[in-house]
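Take a look at the structure below.
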Amino acid sequence: MKLLIVNGANLDMLGRRDSSQYGSLSLDEIKGLLEKEFPGYEFIYFQSNIEGEIVSRLHEVTEEDFEGLIINPGGYAHTSVVIRDALELISIPKIEVHLSNLSSRESFRQNLITASACDGYISGLKEYSYLAAVSVINKIKKELKS
């Protein structure tokens, strides 16, 4: 299975951010965890702090290239209509992930603009949010084949 994993603003700073919210792993360590947990899968990673670059990368996603998308838009989840609109154009299974438990955070983090354009979202499991997303995409793909 080939999956695209898109990470938004400030996620390049994981490992240096508040570990009680985001865990202690860097983005590279999360990549290693995914590859160890799902051998034989092909993960393509993209990270940008720039909203337009994320939108442009999402515009390139096709069914021919990927079987699923995992996106952690970071703070853009609460503000970006354009990322939401780009996600709506994608027909493969899409899961939004968040490392921190958004329901226990500030009120402005309660509004998820981008999540409604995905098949679902996972929040609060730190690095395990990504592992759970891969498992969910597997289930969705199996259902689609039946």
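Readers should treat all values here as calculations from the given coordinates under stated rules, not as data from a laboratory. Every value quoted in this text rests on a predicted model; they were computed, and no experiment measured them. Heads up, the Cβs are rebuilt from the backbone with ideal geometry, glycines too, and the neighbour counts pull from every protein chain shown.
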Quiz item: Is it possible to state the helix-based mean residue ellipticity at 222 nm for the chain, with each DSSP H run of 4+ residues giving -39500 (n - 2.57), the sum divided by total residues, to the nearest 500 deg cm²/dmol? What is it?
Solution: -10000 deg cm²/dmol
Self-check item: Inter-site label distance for Leu89 and Ile44 at 7 Å from Cα along Cβ, in nm
Solution: 1.5
Practice problem: Please list, or write none, the lysines whose alpha carbon is within less than 16 Å of the alpha carbon of Lys139, excluding same-chain residues fewer than 8 places away. | Solution: Lys2, Lys94
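Subtract the Cα-Cα distance of Thr79 and Arg16 from 0.36 nm times their separation in residues, and report this length gain in nm to one decimal.
Length difference between fully extended and current span is 20.3 nm.
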Exercise. Tell me the label-point distance for the pair Glu35, Lys142, using the 7 Å Cα-to-Cβ offset, in nm and rounded to one decimal.
Key: 2.6
Practice problem: With a 10 Å radius around each residue's Cβ, average the other Cβ atoms per peptide and rank 37-50, 75-88, highest first. | Solution: 75-88, 37-50
Quiz item: For a paramagnetic label modelled at 7 Å from the Cα of Ser107 toward its Cβ, which residues of region 68-98 fall within the zone defined by backbone nitrogen distances under 19 Å?
Solution: 78-79
Practice problem: Go from 0 up to the bin containing the longest alpha carbon distance in the chain, width 5 Å each, and give me the % of pairs per bin. | Solution: 2, 10, 21, 25, 22, 14, 5, 1, 0
